[in-house]
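Enquirer: Right, I'll just put the structure down here and ask away after.
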Amino acid sequence: MRTETPQPIRLSDYRPFPFEIETTQLSFQLAASATRVTATLKVRRTGAAGEPLALNGERLALKSIAIDGQALGANQYALDDERLVIAEVPDAFELTTEVEIDPSANKALMGLYMSGGRFCTQCEAEGFRTITFFPDRPDVLSRYTVRIEADQAFEHLLSNGNLMEAGQLPGGRHFAVWNDPFPKPAYLFALVAGRLDVLEDSFVTMSGRTVALKVFVDPGQASRAAYALDALKRSMKWDEEAFGREYDLDLFMIVAVRDFNFGAMENKGLNIFNSSLLLAEPETATDFDYERIESVVAHEYFHNWTGNRITCRDWFQLCLKEGLTVFRDQSFSADMRGAAVQRIKDVKALRARQFAEDAGPLAHAVRPSSYLKIDNFYTATIYEKGAEIIRMLKTILGADAFRTGLDLYFARHDGEATTVEAFIACFAEASGRDLTAFFAWYEQAGTPSVSLTHVYDAAAETLSITLAQKTAPTSGQPVKKALPIPVTIGLLAQDGRALRDSEVVLLEGESLTVRWEGVEEAPVISALRGFSAPVTLTTDARPADAYVLFAADPDLFNRWEAGQGLARGLILARAAGAPDEVGEERYAQALGQALDDPAADPAFKALLLALPSEGDLALAVDPVDPAAIHEARDALRARIAVHLGEQLSRIHGAMQGDGEFSPDAASAGRRALRNACVDLLAADPHAENVQRIVGHFEAASALTDAMGGLSALLAVGGEPCETALAAFHAKWRHEPLVLDKWFSVQARDPSDDALKRVLALTRHADFDAGNPNRFRALVQGFASANPARFHDPSGAGYRFLADQILAVDGFNPMTAARLVEPLGGWRRYVPALGDLMRRELERVKAAPGLSKNVLELASRALD
Ligand code: 0A1
Ligand code: ZN
């Protein structure tokens, strides 16, 4: 809670901690409302003589404190709400503290808390300080031994590393002792205690060691962990093959918990997962869930090297582990599921979340230079743009030099807490290139715009392309540098033949002109292939060129991108009151041809069928009028649905019935295509189409189909929709993960009554604001995924969101803060809406007792 104006933490203030904590012994006496934690730290001075020992500690009731067994008197230390300071300490000593904490009262879900009657922890970024007094910063690495004692009802007692000892105790209690041989920062500490079922397997590493794998889940749910376990084994193998990284302990454990603020956490040897990202069966998980489970299991596992073995010196370096690990998980998913489709999905997500963030007042550098609460920086910019930077590094240096640089990084910094500078230095050294200018990608916020203009000289058979870049000012960064931007370019003939293969042009200054000789005919330019840099591209190409690319670009990303560009142009023309009906027919026809291509992958066709999202469209206009965008997009959907109605129905029919469920990419692609057809058919809701959609929903055996049907029925509305919603609820009311989806699909209700429905759902017996999954399904689902209804001209949507932020901030600031973003872009909206958004932000900011988390974001949004 706020007592005074909080002071920002700055990168430039970094100082090493003046002590080393060689070993950390923790002893837990677990009890739901009064857990005792005894910590014995072996401390050695490494900094200047006379420096006091300052430890972080919050919400801890100190019971005793001693140095080398001698209790300290109250005048020998100073204690406030945030730290414990001992002014005079020897150069080497053992500090023992005993504290009491209350896990059952911990609704912020940081530190030690209860979920489903079990104890669990979340320590990243700064949760460990609510468990015991400690230098809770990532550059203090220590070897941990952890003794856990609890009632036998808490059957499994888990922590990091290897199990050393376990046994029974009098009074119905038992204990376990764990030792983690690898020094680690406190944020990687974890503890779990409770009744769980376990699914076990093993993995033989490349050097022949056998690693035991255990996935712990709610009793009765072990079969739902099979996919995650399989994904884990594939990740372990892939990391050996792709990056030469071998697992280092004899045991790797994953635990699923239902109450978790984020997705999952890479604690050493004991990953903790939000159950929504671990449990999957065909009836209870969609294909998107399977994809996410595969990539998040991989992500957390890959952190073992990029994050755990080599960690961050301070939290400003967060992208060092996150950007690199996202890059690694995206590369894994591309290998598992097909590079083009994966790339399209990754770029869609980047644009939806990161480009939006970069375009508003919450824009920040991938490596920021100050913060109030680091929790607020677990953002799309640090994760996704951080991954794009690594990808560009690979594109610029080439795969071989990139791998050599990464190998050097692993060899040189293993066991360290390091910086982005040290990381980049490895690549500069390995490649012999000067990467000084490249570093600006880490320090500069905002999405660069690149413009491409060309001159074709038919007589001389030359093509000149000029690329120019510009980045608009962002808060605190009025002047922007030119960045090195790799632009991958290929050339096609008007009939779609390839004229030139891809080559990478590196735009290093403000602008650059490159020439191609011997170009015998006027080419169609395919630029930024594979989305080679996180920029927005404008070109002087004729609209007709986009149809050539849409039909024939061998780069599938750009083929998809051409279709999106055409659709974007048509929708925005309509939204601006100048519909291009001829163009719309032509687009529908081209889409129909693409759908008939027997060589194209169904997953790719499904992506072609999805029009740019309303959020994506909003990024292309200024000011944004969400209602106009929504209507225009709906109108194009309807036109396509009418034009392609028969074809969509035919494809839908042909994609039905693939026998036994398989989560593999090809089967998921078929389901994606049939659901994309259903989604479009709902835009032309005549009786036959409605019947097809109802049939699709009722026949669904996989959740992907049931959700596709339900979502389409929400677009149709009326009695078929209400009947389906009621049936779905009756069937799944006891399955929390499926019920979350029942809430989120209704949050996206496109009808005028959406807010009424959402408000009613906040009073539903199954709604629980204390559970982040359920809360986000409804509230974030509405605010982020239903722009037309969230931006209701009355401002009621904004008021609803602000009320929810304030209500949840009272007990879970991290979850509350993540809801500020939808109001953050207020300056980009038409003034009537922007003013209402700003007013709600002001109301939030002025609320008494606001958390630092929400205060920081609301203030930045209003700046
Ligand atoms: N390091 C995790 C992300 C994470 C961060 C904070 C959390 O606290 C609630 C939880 C998870 C990852 O990248 O997966
Ligand atoms: Zn991560």
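Enquirer: Please state which one of 324, 320 is under 17 Å from residue 409 (Cα atoms), within 12 Å of ligand 2 (Cβ to nearest atom) and over 14 Å from the mean Cα position of the chain (by Cα).
Expert: The conditions single out 320.
Enquirer: Report, by residue number, each residue of the range 36-47 that is in a strand (DSSP E or B) and either in contact with a helix residue (DSSP H, G or I) (Cβ under 6 Å, 6 or more places away or on another chain) or surrounded by fewer than 18 Cβ atoms within 10 Å (Cβ to Cβ) (or both). Write out each step before concluding.
Expert: Taking the range 36-47 as the starting set, the residues that turn out to be in a strand (DSSP E or B) are 36-45.
Selection gives 36, 38, 40, 42, 44, 45.
Enquirer: Within the range 222-277, take every residue that is among the charged types (D, E, K, R) and outside any helix (DSSP H, G or I) and give me the one that is nearest to ligand 1 (Cβ to nearest atom).
Expert: In this case the residue turns out to be 266.
Enquirer: Determine which single condition residue 332 fails, assuming it passes every other condition in (1) under 22 Å from residue 235 (Cα atoms); (2) assigned to a loop (DSSP other than H, G, I, E, B); (3) away from ligand 2 (no atom under 13 Å from the Cβ).
Expert: (2)
Enquirer: Please pick out the residue among 694, 624, 690, 642 that is at pLDDT 95 or above and surrounded by 21 or more Cβ atoms within 10 Å (Cβ to Cβ).
Expert: 624
Enquirer: Report yes if some residue within the range 725-741 is free of Cβ contacts under 8 Å to residues at least 60 places away in the same chain, surrounded by 22 or more Cβ atoms within 10 Å (Cβ to Cβ) and of a type in the set (A, V, I, L, M); otherwise report no.
Expert: No, every residue in the range 725-741 fails to be free of Cβ contacts under 8 Å to residues at least 60 places away in the same chain, surrounded by 22 or more Cβ atoms within 10 Å (Cβ to Cβ) and of a type in the set (A, V, I, L, M).
Enquirer: Continuing with this model, one more query. What pairs come out if I take residues in the range 41-56 that are at pLDDT 95 or above and pair them with residues that are surrounded by fewer than 12 Cβ atoms within 10 Å (Cβ to Cβ) and not in a strand (DSSP E or B) whose C-beta lies under 6 Å away, six or more apart or interchain?
Expert: Listed by first residue and then by second, the contacts come to 45/91.
Enquirer: Quick check on the range 91-111. Is at least one of its residues within 24 Å of residue 181 (Cβ to Cβ), within 16 Å of ligand 1 (Cβ to nearest atom) and more than 25 Å from the chain's Cα centre (by Cα)?
Expert: Within the range 91-111, none of the residues are within 24 Å of residue 181 (Cβ to Cβ), within 16 Å of ligand 1 (Cβ to nearest atom) and more than 25 Å from the chain's Cα centre (by Cα).
Enquirer: Mind checking which residues of the range 217-228 are over 16 Å from residue 282 (Cα atoms) and surrounded by fewer than 22 Cβ atoms within 10 Å (Cβ to Cβ)?
Expert: 218, 219, 220
Enquirer: Look through 857, 850 and report the one residue that is among the hydrophobic types (A, V, I, L, M, F, W, C) and in a helix (DSSP H, G or I). Let's see the steps before the verdict.
Expert: On the way: 850 fails: in a helix (DSSP H, G or I).
Exactly one of 857, 850 is among the hydrophobic types (A, V, I, L, M, F, W, C) and in a helix (DSSP H, G or I), namely 857.
Enquirer: Would you confirm whether any residue within the range 348-356 is among the polar types (S, T, N, Q), within 16 Å of ligand 2 (Cβ to nearest atom) and in contact with an Asp or Glu (Cβ under 9 Å, 6 or more places away or on another chain)?
Expert: The answer is yes, given that some residue of the range 348-356 is among the polar types (S, T, N, Q), within 16 Å of ligand 2 (Cβ to nearest atom) and in contact with an Asp or Glu (Cβ under 9 Å, 6 or more places away or on another chain).
Enquirer: Given 385, 394, 345, which one is over 17 Å from the mean Cα position of the chain (by Cα), among the basic types (Lys, Arg) and either assigned to a helix (DSSP H, G or I) or assigned by TED's automatic domain parsing to the domain that holds residue 828 (or both)?
Expert: Just one listed residue meets the conditions, 394.
Enquirer: Same structure again: State all residues of the range 296-311 that are near ligand 1 (Cβ under 10 Å from one of its atoms) and among the small types (Gly, Ala, Ser); if no residue qualifies, say none.
Expert: 307
Enquirer: Please work out if residue 311 is crowded, with 22+ Cβ neighbours inside 10 Å, without any contact (Cβ under 8 Å) to a residue 40 or more places away in the chain and more than 27 Å from residue 560 (Cβ to Cβ).
Expert: On the way: crowded, with 22+ Cβ neighbours inside 10 Å: yes; without any contact (Cβ under 8 Å) to a residue 40 or more places away in the chain: no; more than 27 Å from residue 560 (Cβ to Cβ): yes.
Answer is no for this residue.
Enquirer: Now, a different point. One residue is enough: does the range 119-133 have a residue meeting the conditions part of a loop (DSSP other than H, G, I, E, B), polar (S, T, N, Q) and crowded, with 18+ Cβ neighbours inside 10 Å?
Expert: So the first thing to find is which residues in the range 119-133 are part of a loop (DSSP other than H, G, I, E, B), and the list is 123-127, 131-133.
If we keep only those that are polar (S, T, N, Q) as well, we get 132.
Imposing the further condition that a residue be crowded, with 18+ Cβ neighbours inside 10 Å reduces the set to 132.
The answer is yes; a qualifying residue exists.
Enquirer: Specify the residue that is nearest to residue 355 (Cα to Cα); the eligible residues are those in the range 806-847 that are part of a helix (DSSP H, G or I) and among the β-branched types (Val, Ile, Thr).
Expert: Among them, the one singled out is 815.
Enquirer: Kindly indicate whether any position in the range 432-442 is over 19 Å from residue 825 (Cα atoms) and within 16 Å of ligand 1 (Cβ to nearest atom).
Expert: Looking for residues that are over 19 Å from residue 825 (Cα atoms) and within 16 Å of ligand 1 (Cβ to nearest atom), one finds none in the range 432-442, hence no.
Enquirer: Now for a separate question. Look at the range 660-697 and say how many of its residues are of a type in the set (Phe, Trp, Tyr) and in contact with a helix residue (DSSP H, G or I) (Cβ under 6 Å, 6 or more places away or on another chain).
Expert: Of the residues in that region, 1 qualify.
Enquirer: Let me ask something additional. Identify all residues within the range 244-291 that are in contact (Cβ under 8 Å) with a residue 24 or more places away in the chain, touching a helix residue (DSSP H, G or I) at 6+ places or on another chain (Cβ under 6 Å) and within 14 Å of ligand 2 (Cβ to nearest atom); write none if there are none.
Expert: 261, 263, 264, 266, 267, 268, 271
Enquirer: Can you name the condition, by its number, that residue 80 falls short on among (1) in contact (Cβ under 8 Å) with a residue 12 or more places away in the chain; (2) away from ligand 1 (no atom under 16 Å from the Cβ)?
Expert: Of everything listed in (1) in contact (Cβ under 8 Å) with a residue 12 or more places away in the chain; (2) away from ligand 1 (no atom under 16 Å from the Cβ), residue 80 misses just condition (1).
Enquirer: Can you tell me which residue among 754, 760 is within 21 Å of residue 718 (Cβ to Cβ) and surrounded by fewer than 16 Cβ atoms within 10 Å (Cβ to Cβ)? Give the derivation first.
Expert: On the way: 754 fails: surrounded by fewer than 16 Cβ atoms within 10 Å (Cβ to Cβ).
Selected residue: 760, the only one of 754, 760 that is within 21 Å of residue 718 (Cβ to Cβ) and surrounded by fewer than 16 Cβ atoms within 10 Å (Cβ to Cβ).
Enquirer: If I go through the range 468-483 residue by residue, how many of them are in a loop (DSSP other than H, G, I, E, B) and of a type in the set (Lys, Arg)?
Expert: Adding up the residues that qualify gives 2.
Enquirer: Let me ask something else. Kindly evaluate residue 561 against the criterion of being under 29 Å from residue 692 (Cα atoms) and of a type in the set (D, E, K, R).
Expert: When the stated conditions are applied, residue 561 does not pass them.
The values are calculated or read from the model by the stated rules, or taken from the named source; none is laboratory data. Bear in mind the structure is a predicted one, so any value in this text is a computation, not a measurement. Glycine also receives a Cβ, built like all others from the backbone with ideal geometry; neighbour counts cover every protein chain displayed.
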